[in-house]
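Heads up: the structure comes next, in structure tokens.
We did not get these values from a lab; they are worked out from the coordinates using the rules stated. All figures in this text were calculated on a predicted structure; none of them were measured in a lab. Don't worry about glycine lacking a Cβ; one is built from the backbone with ideal geometry, like all the others, and counts go over all protein chains shown.
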Amino acid sequence: MYFCECITCISGCGGRVVTVSPGPLIRVEAQPISIRCDVHDYGGPDEQDFEWRMSTTATGPKTNIISSFDPGYSHASLSQRVASGDISVVRLKDNQVELKIAEVRTQDAGFYECQTPSTDSEIKGNYKAEVQLIVIPHTLKVSPATPPAVVPEGSDITLSCNVTRELSQPTYLSVSWSLKKGSVTEEVLSFGPQGGVTTGSKYARRYADGGIRLVPGKNGAFDLVISRVTMSDDGTYECNGTEWTHESGGTWVKIVESTKEMGTVTVTATEPSFTLTLDPVVNPKMAADPTELVCRVSNITHLPLGGRLGVSWLHTPLPGIGVDPQTSNAVGSLDAHGNLLPGSTYSDRLQSGAIALSRVQPDTFKLRFLRTQVRTNRTDFNPLTPDLSVLTLDVCSLTGPKFSVTIQSDASTVYPWETAKMECTLSVSGSSPKTDDLAYEVRWFFTRLRGGESTTQVGGVDRFGVVRKDARNSSSDVSIERKDTHTYTLNIHGTQDSDSGEYHCVSTPWYLSPSTGVWTQAEELTSARIFLTVRFRERERGGEREREREGEREGERERGERGRERERQRERERE
């Protein structure tokens, strides 16, 4: 019987090449390891077989570990570990496998060789590759200090953690803190292994503003200081220490880590404290005279960032006028936004303007009676000086100024290579800060589709005036200019068709709180969207129209010349 065999070459036939993970590999005992091996430029079937051997020294005898095709390949000293799954080989691709050891042992250190049986039509290239494995003891220690269990809102908290290891090989350490709330864990801050600091997304701005800082100490001591804690900072804190190795090719590999729970921190709310002063600035001399009372708030402490005061005015009648003196009637209230909430008894007088409530300063409130009424248990109306008093001032919800954003464009359609301009304008209402006490972070976003949800950031300017432009798939360029405190312009220079789409701006206002002297971040604002169209000129059609207009102008010149000639002819005839 005759037969033929077809042998194929994968990735060319320049000779078989077998490679393994670059080494030496430094790993920690009792930790899992994996060593990858692949082959290319081979002949024969797509799926290749692999065999693993090892020796304790570079020139020592080899011991069979495991084969991808021969179940009886393993040496007797390793067969039990192979059978239990502690040592295994996993196929990743037809030409790639991984040797895995679930818990590496000190005696596993040595030189590991991966070889592939030949399926080539001729012996060519290399059929095996070797890498050194170094196994070091597990010496990583993570020792956190227990933080205080209860912390008042607005105070500072220090999270101390000590991370060490015995240095026998060139390994590196990192330390990180995380906050656990229920089943959700959020990264707070990480340091190392290259000496850099990274933060979780929710803590990036606080770290940039100095609200979170890292204080490295000696002998593996690290402190994370969180300033002015809020209610969102309570939960269970964890400290993680990780040992790393820097392998050939610049890859950082985590070889062992340990996470320890530091303790649960409860942040208690601190009610604002203040002093009230009531002064009558306009005293009535008789009935129907105006009355003005001013209530001032001073010595404010523990006011939340960006807090604003609201006021409620109450009236308790004096004894002897036929009303229960213990009953208080609400005159009216001003909430933190300045909205008037009238009391039922005084609603009509407030709506007519006979009674007015106002906020004259962030910490000063005024109650005005246009015509003071005096009620007694008699029907006479002799001139009296009424005894008026304010019994209490209630603090309402606390907020900051109100901001809004609008967007407009100088043109919705431009031609290629022209400049498109879009203007983002911010406005503030309520208790408006001074210009020097106000700043904005403004970012511009773009999407090709009208109403598209997926957007790309074009660029932005932070609250310090630093402009950042993002990479774009366009030959055009962008610039951002600040016209004044509230107005920012996006310029797209040399527009192209790829610049057509919807644009909008997102702004984060910052203002200096007059009560605390701290820069406060307001809620993020998103503008409406405007669509920009980059339209190509019809050059040939435009040229024809230009030639037609030129012809019309030439005809007009000829008709004018003929008219002037006829006029000269009439002059000669009259002569």
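Quick look at the numbers
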item: 18 Å Cα-Cα threshold exceeded, pairs from LYS141/LYS260; LYS141/LYS254; LYS141/LYS218; LYS181/LYS254; result: LYS181/LYS254
item: For segment 402-534, diffusion coefficient by Stokes-Einstein and Kirkwood Rh (Cα), 37 °C, 0.692 mPa s, µm²/s; result: 213
item: Cβ crowding within 10 Å averaged over residues, with 448-457, 290-299 ranked highest first; result: 290-299, 448-457
item: Calculated on alpha-carbon atoms, Rg and Dmax of segment 17-136 in Å; result: 13.9, 43
item: Net charge of neighbours whose Cβ lies under 11 Å from the Cβ of THR266, counting Lys and Arg as +1 and Asp and Glu as -1; result: -3
item: Nonlocal amide H pairs with LEU189, under 5 Å, H built at 1.01 Å; result: TRP177, GLY200
item: Ranked packing of 158-165, 259-266, most packed first, by mean Cβ within 10 Å; result: 158-165, 259-266
item: Rg [Å, one decimal], Dmax [Å, integer] - segment 141-268, C-alpha atoms; result: 15.0, 50
item: Non-local Lys pairs in segment 402-534, i.e. 8 or more apart or on different chains, that have alpha carbons under 25 Å apart; result: 6
